[in-house]
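The values are calculated or read from the model by the stated rules, or taken from the named source; none is laboratory data. Just so we're clear, the structure is a prediction, and the values are computed from it rather than from any experiment. Cβ placement follows ideal geometry from the backbone for every residue including glycine, while neighbour counts extend to all protein chains displayed.
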Amino acid sequence: MNPRILALGDGALTLEFGDRIDPALNARVMAARDALAALKLDGISDVVPTYRSLTVHFDPLRLDREILTARLLEAAQAPAKESALATRWRIPVVFGGEYGPDLAEVARATGRSEAAVIEALCASELRVFLIGFLPGFPYLGELPEWLRLPRLATPRAAVPANSLAIAGAQAAVYPWQSPGGWHLLGRTPVRLFDLGDAARPALLAPGDTVRFAPAGRDEFLRLAADVEAGKIGRQEWQAK
Amino acid sequence: MIEVLDCPMPASFQDAGRPGYRHLGVPLSGALDADWLAIANALAGNPPGTVALEVHLLGPRLRAKAPVTIAMAGEFSARIEDAAGQSRAASNWRSHALATDEILVTGNLRSGIGYLAVHGGFDLPQVLGSRSTYARAGLGGIDGRSLRAGDCITVGATNTRLSLRLPRPPHLPASPLRVIPGPQREYFTDAAWACFLNAEFTVSREADRMGLRLDGARLEHDSAYGADIVSDAVTPGTIQVPGDGRPIILLADCQTVGGYPKIATVIGADLPRLGHALPGQTLHFVEVSIAQALAARRQAAAELAECIAGIAPGSAEFNLDALYAANLIDGVIDAQQAN
């Protein structure tokens, strides 16, 4: 599919590269974002990269729509490259039990042991495809084929904050308590959105990679207490 | 300082919103009707995007702990009670000086939402460049939550001499909402598109600052495409249609991305009207071109500027109120009998 421009009302344009979850498409989205940012166009309020598209929210009385359309189609030609700013993260997670109430069911549905599910999830280097849905909420992918399950038939009214969840080819961590229909496997002490870091309130950025690391219950509680007390900074979660 | 005595329905602080953070999943937020926010602020002698209280359906009772000027944009049924228990009507679309210990009872809101601005603005911390409340993530306003009894909010200035009124209040048109075909128009059959433009929809009870779920005709997805997309960006005014075929119009607090096909987008000029939609209200849609949408934006901006330019000193308050009190009821009855 050639990149094309879609109208998201009169105040936003979407540059669409395709309709699939695909790291190659996502890399083109990020390259187009960087190329557009370099132009420093006046009248743009937000630029939102997703799996497969780049949406520009703008003031059409300040920035001519035809000009923006042309610039976006030019930016779409930028060669895909991995962002120089991408960071590798290592996120500790306590799995199962009260923290991951769906682990047993996921193991049953996939015909594997709980240990095998944990091992497969933690063996994958997951790409951050986009941040959305909630402040700091990362869409991570892709999971091994056999671990891909449909969403819960009945979503939970309240998923606890910091829950690690999976659905389809995706994994995510809920930064806030919220309704949710994904399978809950565990809990992390890591804060994915922190206003204390004004320069980067969302920990993860598209293009980053994440590897989950199993933590015992005691280690989880100790880390959570240290995060709460401000003893642990965010650099702690960068992969060494 | 203003003290909240009670707040029966959700009310939140809103300003021009929180642009620039949607790539982090942070919604735009801000006033559902940015025009009325600007009018409330103009009546309070503030710049247009100053934070004000957005009130839904039934407004709070507020006590002035010190002299303060407060302005109301909306169809409130308000009165002011003084410390001795005397009550006087507080007319809409103007500023009112409250003396210490006077209580503003804002009452029912016929306009669905309305705005209360104070001269000098409410003294609240900026969070990511905005004071707008986004309750789901606890951002902005007072600790990121709705207003509640017992809250005390500091006011930026206490110039009680200010008195302004709006001679010609804005009216909300009843014409169909203007839309531009959406990014996923092709996900819907032509029959569904025709239905969308011709059918009558009703605002359901599932309506809040995130969006309005509509009852009425079901909009059928083209079976070649289905009802799911790989998530991409949405914006206030987006009309998305999940698998059940019931459209949802997204509003200021909507999430930044969504996984449902988007059939259309309400144009920017008509966004403020959506904030006033109440459960049970009927809605119609009409397709317009991008050029028409931009012309409508320019016209809306010009009308707002003209409206605000018409703000006059409020010294006529006494005469107007006396006139209304003396003649209004007789006048209405006479007019009905004449017909």
Discussion item. Being of a type in the set (Gly, Ala, Ser) and within 14 Å of chain A (Cβ to nearest Cβ) narrows it down to one residue among B:Gly59, B:Gly49; which is it?
Written reply: B:Gly49
Practice prompt. Determine which single condition B:Phe196 fails, assuming it passes every other condition in (1) buried (at least 20 other Cβ atoms within 10 Å of the Cβ); (2) within 23 Å of the chain's Cα centre (by Cα); (3) under 30 Å from B:Arg110 (Cβ atoms); (4) not hydroxyl-bearing (Ser, Thr, Tyr).
Written response: (2)
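Yes or no, residue by residue, for (1) within 21 Å of A:Leu221 (Cα to Cα); (2) buried (at least 21 other Cβ atoms within 10 Å of the Cβ); (3) under 22 Å from the mean Cα position of the chain (by Cα); (4) not polar (S, T, N, Q):
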| site | (1), (2), (3), (4) |
| --- | --- |
| A:Ala75 | no, yes, no, yes |
| A:Pro79 | no, no, no, yes |
| A:Glu82 | no, no, yes, yes |
| A:Thr87 | no, no, yes, no |
| A:Thr110 | no, no, no, no |
| A:Ile131 | no, yes, yes, yes |
| A:Phe137 | no, yes, yes, yes |
Worksheet item: Pick from the range A:1-26 the residues that are among the small types (Gly, Ala, Ser) and either more than 7 Å from every other protein chain (Cβ to nearest Cβ) or within 23 Å of the chain's Cα centre (by Cα) (or both): which of them is nearest to A:Gly141 (Cα to Cα)?
Response: A:Ala24
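Residue-by-condition table, conditions (1) outside the structural domain of A:Pro135 (by TED's automatic domain parsing); (2) without any contact (Cβ under 8 Å) to a residue 40 or more places away in the chain; (3) of a type in the set (A, V, I, L, M):
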residue: A:Ala12; (1), (2), (3): yes, no, yes
residue: A:Pro23; (1), (2), (3): yes, no, no
residue: A:Ala27; (1), (2), (3): yes, no, yes
residue: A:Met30; (1), (2), (3): yes, no, yes
residue: A:Asp34; (1), (2), (3): yes, no, no
residue: A:Asp42; (1), (2), (3): yes, yes, no
residue: A:Asp59; (1), (2), (3): yes, no, no
Discussion item. Is it the case, given these coordinates, that A:Asp10 is assigned to a loop (DSSP other than H, G, I, E, B), buried (at least 19 other Cβ atoms within 10 Å of the Cβ) and of a type in the set (Asp, Glu)?
Written reply: yes
Fill in: Of all residues making up the range B:241-262, the number that are within 12 Å of chain A (Cβ to nearest Cβ) and in contact with a Ser or Thr (Cβ under 8 Å, 6 or more places away or on another chain)
8
Worksheet entry | Unmet requirement for A:Ala80, which otherwise passes all of (1) under 30 Å from A:Cys122 (Cβ atoms); (2) in a strand (DSSP E or B); (3) not assigned by TED's automatic domain parsing to the domain that holds A:Tyr174 | (2)
Item to complete: Restrict the check to the range B:326-333 and report whether at least one residue is at pLDDT below 95 and in contact with a strand residue (DSSP E or B) (Cβ under 6 Å, 6 or more places away or on another chain).
Response: no
Practice prompt. Within the range A:142-165, identify whether any single residue is surrounded by fewer than 23 Cβ atoms within 10 Å (Cβ to Cβ), closer than 18 Å to B:Thr256 by Cβ and small (Gly, Ala, Ser), and answer yes or no.
Written response: no
Fill in: Residue that is farther than 28 Å from B:Ala44 by Cβ and not assigned by TED's automatic domain parsing to the domain that holds B:Phe285, where the choices are B:Arg136, B:Arg148, B:Arg205, B:Arg213
B:Arg136
Worksheet item: From the set of residues in the range B:164-208 that are under 12 Å from B:Ala277 (Cβ atoms) and part of a loop (DSSP other than H, G, I, E, B), which is nearest to the other protein chains (Cβ to nearest Cβ)?
Response: B:Asp208
Item to complete: Mind listing whichever residues of the range B:266-282 are more than 14 Å from chain A (Cβ to nearest Cβ) and either β-branched (Val, Ile, Thr) or in contact with a Gly (Cβ under 8 Å, 6 or more places away or on another chain) (or both)?
Response: B:Gly275, B:His276, B:Ala277, B:Leu278, B:Thr282
Response to the item:
Scanning the range B:252-272 for residues that are assigned to a loop (DSSP other than H, G, I, E, B) and hydrophobic (A, V, I, L, M, F, W, C), the one farthest from B:Leu219 (Cα to Cα) turns out to be B:Ala252
Worksheet, complete the sentence: Note on B:Ala64: of the conditions (1) under 23 Å from the mean Cα position of the chain (by Cα); (2) surrounded by 23 or more Cβ atoms within 10 Å (Cβ to Cβ); (3) in contact (Cβ under 8 Å) with a residue 40 or more places away in the chain, unmet is (1)
Worksheet entry | strands (runs of 3 or more DSSP E) enclosed by the range A:83-200 - at least 1 residues per element that are under 30 Å from A:Asp34 (Cα atoms) and in contact (Cβ under 8 Å) with a residue 24 or more places away in the chain | A:88-95, A:126-131, A:138-141, A:163-167, A:170-173
Worksheet, complete the sentence: By residue number, the members of the range A:36-57 that are part of a strand (DSSP E or B) and within 8 Å of chain B (Cβ to nearest Cβ) are A:Ser45, A:Asp46, A:Val47, A:Val48, A:Pro49, A:Ser53, A:Thr55, A:His57
Item to complete: Could you tell me whether any residue of the range A:58-70 is farther than 30 Å from A:Glu219 by Cβ, in a strand (DSSP E or B) and more than 22 Å from the chain's Cα centre (by Cα)?
Response: yes
Worksheet item: Can you tell me which residues in the range B:129-146 are at pLDDT 95 or above and buried (at least 19 other Cβ atoms within 10 Å of the Cβ)?
Response: B:Ser130, B:Arg131, B:Ser132, B:Thr133, B:Tyr134, B:Leu139, B:Gly140, B:Gly141, B:Ile142
Worksheet entry | Filtered residues of the range B:251-268 (kept if in contact with a strand residue (DSSP E or B) (Cβ under 7 Å, 6 or more places away or on another chain) and more than 17 Å from B:Gln14 (Cα to Cα)) | B:Thr256, B:Val257, B:Gly258, B:Tyr260, B:Pro261, B:Lys262, B:Ile263, B:Ala264, B:Thr265, B:Val266, B:Ile267
Item to complete: Just name the residue that is surrounded by the fewest Cβ atoms within 10 Å (Cβ to Cβ) out of those in the range B:273-314 that are not in a helix (DSSP H, G or I) and not assigned by TED's automatic domain parsing to the domain that holds B:Thr202.
Response: B:Pro313
Fill in: Total residues in the range A:196-209, condition closer than 21 Å to A:Val159 by Cα and either buried (at least 24 other Cβ atoms within 10 Å of the Cβ) or at pLDDT below 95 (or both)
2
Practice prompt. State yes or no: is A:Val48 within 22 Å of B:Thr238 (Cβ to Cβ), among the aliphatic types (A, V, I, L, M), under 21 Å from the mean Cα position of the chain (by Cα) and crowded, with 22+ Cβ neighbours inside 10 Å?
Written response: yes
